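Asker: For reference, the structure I am asking about is given below.
The values are calculated or read from the model by the stated rules, or taken from the named source; none is laboratory data. Keep in mind that this is a model prediction, so the values were computed, not measured. Every residue, glycine among them, receives a Cβ derived from its backbone with ideal geometry; neighbour counts consider all protein chains shown.
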Amino acid sequence: MSETWQGPIEKIDDYRWRIPRSYKPGMRVPGIIYADEKLLKDIRHDKAAEQVANVAFLPGIVNASLAMPDIHWGFGFPIGGVAATDIENGGVISPGGVGYDINCGVRLLKTNFQYDEIKDKIKDLVYKLFSDVPSGVGSKGDIRVSVKEEKEILTKGAGWAVEKGYGSQEDLEYTEERGAISGADPAAVSERAYERGKAQSGTLGSGNHFLEIQVIDQLYDSKACDSLGLDLGQITIMIHSGSRGLGYQVCDDYARSMIRCLDKYNINVPDRQLACAPVESGEGKDYLGAMKCAANYAWANRQCLMHLLRQSFEKIFSMSWQKMGMSLIYDVAHNIAKLEKYSIDGKEKLLCVHRKGATRAFGPGHPALPEKYKKIGQPVIIPGDMGRNSYLLTGTQKAMEETFGSACHGAGRLKSRTAAARSINADMLLKELESKGIIIKASGRGTIVEEAPAAYKNVNDVVDVVHNAGIAKRVCRMRPLGVIKG
Amino acid sequence: MKNYEIIEHTADIGIRVRAKSLNFIFINLARAMFDIIAQKQNRRLIAQKKIKIKVSAETREELLVNWLNDILSLSCAKQLVFHDFKIDQLSDSGITSTALGSSMKNYKVNTEIKAATYHQLKIERVKSGWKAEVIFDV
């Protein structure tokens, strides 16, 4: 990892850099990385840029293989990668373009509380949430489902949880795809995937997944804040989780079977983790149907997590969640492939947009947005690390034109987990965070050091790039007060 | 002493193992994987479950990745931590093996490994026998 990537990168402007098609014979389009000079230096430290070039080999890819400023080395695709393929033109779908944690994503809730009103309760809340929300590796939830119900989750998504009483219809209104993408095919999901997903609904998972109590400490767009009902000093809560074991198994099943498709469909890619199949092929349709099941499972999971979180607040404050104003601002996926229409060379095309560690960022007026957000654009939720900030942005028209309606998804890792574990002391880190008014509760000390702020790029730098490049617009910034890590 | 080395990787974890035979390359990798995942809480842990795992593939690399992923997936689905492995038959296109493990409850689970990947995968002959490197998605 110490070697620096030496490939060619041409400056387009202060926030856009091109890997030319001529870099590797076989690249169908150039690579474009959104970054400033400082972030570009970090990006060159691993082979993520090589992966951007590799993605450009995918059949049917249009415009460019894109990378967001939080890009880092991933499985096949870089994390922070966006690629759209033209379905009509043999465009492919690749499990590596979505990743193992299908529909890993974030949701942001607001509350009626101001920081001063609850600052003495943060510790109680963190401990309560830690005991009430199942977290950690392979954690099992209290929300148990039968096999029949698990199949229902795969098609109904967050709607299943709302039917069960774990939330309201309004929650669905403010969830991407209303919490259930159509076309999910439970028959395309293996028995093993069902088995892995069983008992994990309503569980946070581990690693970088978290629940976070935050306070808004900076407003950038007061008009958008008014429209979202957000103000300085207001308490918000962020949930980051995905499809757990079920999603990993779907990815593994199809990443395996699609290796055969490379020969079958005469596809030339430089990395077998870019295994893919035409979207219109049997294999492509099966993966899409199974991936949608895992995506719906993840939306149900985050809905269940939000329900458990609201219950914990109700117990601490002896008040209903509605009275506390704990409504959902938005829920977005950041590991997913979606069929979306874009204008390419003046023609409307149906594309398969892979967002792997990238957030959908639809601009104002998009028909997929709820009425309330049609004017301001889609809320784009960007979690940072546990010691710095997180952001709320909105999607822009420019994102629709340049990035297939996509923006970054987080800070992006800078240091490996082992390097972080070697150089960071958990006790000192916890003390340092406490001195900043941040309380952490995690399943293991290992998670604390692996997820330390120093292991991540500075989210402020990453968000500056997407804002200045115009692909998402800053609305407000939050700082963490209490963090529950899996 | 650990019979594996950790390889640095930005987002994930990599393992390097060496062994005299290919059988032990497979076994050491699987053992290392579970050494990262969990720690025994009871020193005298006895294997309670034996699970037969049979995998076929077109190449040796594919076989290794598929075998490790089958073990991971079984561990998650059956809530077991495997601590040892026996290989009855190994070729470049197939493996018949047994995983020995016990309930996850007997372990402190530290890390979730989502999958073994092809990323920078290496299986090669060296002077002393064999060497392999695998990057895991965590």
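Asker: Within region A:200-248, which residues are modelled with pLDDT under 95 and among the β-branched types (Val, Ile, Thr)?
Answerer: A:203
Asker: Sticking with this structure for a sec: Going residue by residue through region A:242-255, is there one that turns out to be farther than 30 Å from residue A:116 by Cα and either more than 14 Å from chain B (Cβ to nearest Cβ) or surrounded by fewer than 24 Cβ atoms within 10 Å (Cβ to Cβ) (or both)? Spell out the reasoning first.
Answerer: Going through region A:242-255, the residues farther than 30 Å from residue A:116 by Cα turn out to be A:242-255.
Then keep just the ones that are either more than 14 Å from chain B (Cβ to nearest Cβ) or surrounded by fewer than 24 Cβ atoms within 10 Å (Cβ to Cβ) (or both); that gives A:253.
Looking for residues that are farther than 30 Å from residue A:116 by Cα and either more than 14 Å from chain B (Cβ to nearest Cβ) or surrounded by fewer than 24 Cβ atoms within 10 Å (Cβ to Cβ) (or both), one finds at least one in region A:242-255, hence yes.
Asker: Let me ask another. Out of everything in region A:1-57 that is of a type in the set (Ser, Thr, Tyr) and part of a helix (DSSP H, G or I), what residue ends up being nearest to residue A:76 (Cα to Cα)?
Answerer: Filtering region A:1-57 for residues of a type in the set (Ser, Thr, Tyr) gives A:2, A:4, A:15, A:22-23, A:34.
Retained after the next criterion (residues that are part of a helix (DSSP H, G or I)): A:22-23.
Values: A:22: 21, A:23: 18 Å.
Only one residue fits best here, namely A:23.
Asker: Another question about this same structure. Examine region B:64-71 for a residue that is closer than 18 Å to residue A:252 by Cβ, more than 13 Å from chain A (Cβ to nearest Cβ) and touching a residue at least 12 places away in the same chain (Cβ under 8 Å), and state whether such a residue exists.
Answerer: Scanning region B:64-71 turns up no residue that is closer than 18 Å to residue A:252 by Cβ, more than 13 Å from chain A (Cβ to nearest Cβ) and touching a residue at least 12 places away in the same chain (Cβ under 8 Å).
Asker: Residue A:265 fails exactly one of the following numbered conditions: (1) surrounded by fewer than 21 Cβ atoms within 10 Å (Cβ to Cβ); (2) within 14 Å of chain B (Cβ to nearest Cβ); (3) hydroxyl-bearing (Ser, Thr, Tyr). What is the number of that condition?
Answerer: For residue A:265, the exception is condition (2).
Asker: Here's a follow-up. Assuming residue A:332 fulfils every condition listed in (1) part of a loop (DSSP other than H, G, I, E, B); (2) touching a strand residue (DSSP E or B) at 6+ places or on another chain (Cβ under 7 Å); (3) at pLDDT 95 or above apart from one, which condition is it?
Answerer: Result: residue A:332 passes all but (1).
Asker: Right, here's the next one. Here are B:58, B:112: which of them is touching a Ser or Thr at 6+ places or on another chain (Cβ under 9 Å), acidic (Asp, Glu) and under 21 Å from residue A:443 (Cα atoms)?
Answerer: So the residue among B:58, B:112 that is touching a Ser or Thr at 6+ places or on another chain (Cβ under 9 Å), acidic (Asp, Glu) and under 21 Å from residue A:443 (Cα atoms) is B:112.
Asker: Let me ask something else. Would you pick out the residues in region B:35-48 that are surrounded by 12 or more Cβ atoms within 10 Å (Cβ to Cβ) and touching a residue at least 60 places away in the same chain (Cβ under 8 Å)?
Answerer: Selection gives B:36, B:37, B:38, B:39, B:40, B:45.
Asker: Additional query: Taking residue A:304 as meeting all but one of (1) at pLDDT below 95; (2) more than 18 Å from residue A:58 (Cβ to Cβ); (3) over 20 Å from the mean Cα position of the chain (by Cα), write down the number of the exception.
Answerer: (3)
Asker: Which one is nearest to the other protein chains (Cβ to nearest Cβ) among residues in region A:17-39 that are surrounded by fewer than 17 Cβ atoms within 10 Å (Cβ to Cβ) and within 21 Å of residue A:471 (Cα to Cα)?
Answerer: Applying the filter and picking the extreme gives A:38.
Asker: Same structure, new question: How about region B:78-108: which of its residues are assigned to a strand (DSSP E or B), exposed (fewer than 15 other Cβ atoms within 10 Å of the Cβ) and within 14 Å of chain A (Cβ to nearest Cβ)?
Answerer: B:103, B:108
Asker: Within region A:91-102, is even one residue small (Gly, Ala, Ser), assigned to a strand (DSSP E or B) and touching a helix residue (DSSP H, G or I) at 6+ places or on another chain (Cβ under 7 Å)?
Answerer: Keep residues of region A:91-102 that are small (Gly, Ala, Ser), which gives A:91, A:94, A:96-97, A:99.
Narrowing further to those that are assigned to a strand (DSSP E or B): none.
No, the conditions are met nowhere in region A:91-102.
Asker: Given the conditions (1) more than 10 Å from chain A (Cβ to nearest Cβ); (2) among the polar types (S, T, N, Q); (3) more than 23 Å from residue A:244 (Cα to Cα), report the number of the one that residue B:120 does not fulfil.
Answerer: (1)
Asker: From the list A:329, A:336, A:382, pick out the single residue that is in contact (Cβ under 8 Å) with a residue 60 or more places away in the chain, within 21 Å of the chain's Cα centre (by Cα) and surrounded by fewer than 24 Cβ atoms within 10 Å (Cβ to Cβ).
Answerer: After applying the criteria, what remains is A:329.
Asker: Being farther than 16 Å from residue B:85 by Cα and surrounded by fewer than 17 Cβ atoms within 10 Å (Cβ to Cβ): is that true of residue B:20 here?
Answerer: Yes, satisfied.
Asker: Right, another one. Report whether or not residue A:178 is within 14 Å of chain B (Cβ to nearest Cβ) and assigned to a helix (DSSP H, G or I).
Answerer: Answer is no for this residue.
Asker: Mind counting the residues in region A:48-67 that are closer than 16 Å to residue A:457 by Cα and out of contact with any helix residue (DSSP H, G or I) (no Cβ under 7 Å at 6 or more places or on another chain)?
Answerer: Step one: of region A:48-67, the residues closer than 16 Å to residue A:457 by Cα are A:48, A:67.
If we keep only those that are out of contact with any helix residue (DSSP H, G or I) (no Cβ under 7 Å at 6 or more places or on another chain) too, we end up with A:48.
Number of matching residues: 1.
Asker: Can you name the residue in region A:40-76 that is among the hydrophobic types (A, V, I, L, M, F, W, C), at the interface with chain B (Cβ under 10 Å from one of its Cβ atoms) and over 18 Å from residue A:406 (Cβ atoms) and, of all such residues, is surrounded by the fewest Cβ atoms within 10 Å (Cβ to Cβ)?
Answerer: Only one residue tops the list, namely A:73.
Asker: Has region A:131-146 got any residue that is within 19 Å of residue A:237 (Cβ to Cβ), outside any loop (DSSP other than H, G, I, E, B), at pLDDT below 95 and not small (Gly, Ala, Ser)?
Answerer: So far as region A:131-146 goes, yes, one or more of its residues are within 19 Å of residue A:237 (Cβ to Cβ), outside any loop (DSSP other than H, G, I, E, B), at pLDDT below 95 and not small (Gly, Ala, Ser).
Asker: While we're looking at this one, here's another question. So residue A:86 fits all but one of (1) under 27 Å from residue A:294 (Cβ atoms); (2) crowded, with 24+ Cβ neighbours inside 10 Å; what number is the exception?
Answerer: It fails just one condition, (2).
Asker: Keeping to region B:36-56, report how many residues are at pLDDT 95 or above and either among the hydrophobic types (A, V, I, L, M, F, W, C) or in contact with an Asp or Glu (Cβ under 8 Å, 6 or more places away or on another chain) (or both).
Answerer: So the count comes out to 3.
Asker: Next up: Looking at region A:433-458, which of its residues are away from chain B (no Cβ under 14 Å) and touching a Lys or Arg at 6+ places or on another chain (Cβ under 6 Å)?
Answerer: Matches in region A:433-458: A:439, A:453.
Asker: Working only within region A:289-300, note down all residues that are buried (at least 23 other Cβ atoms within 10 Å of the Cβ) and not hydroxyl-bearing (Ser, Thr, Tyr).
Answerer: Scanning region A:289-300 gives A:290, A:291, A:292, A:293, A:294, A:295, A:296, A:298, A:299, A:300.
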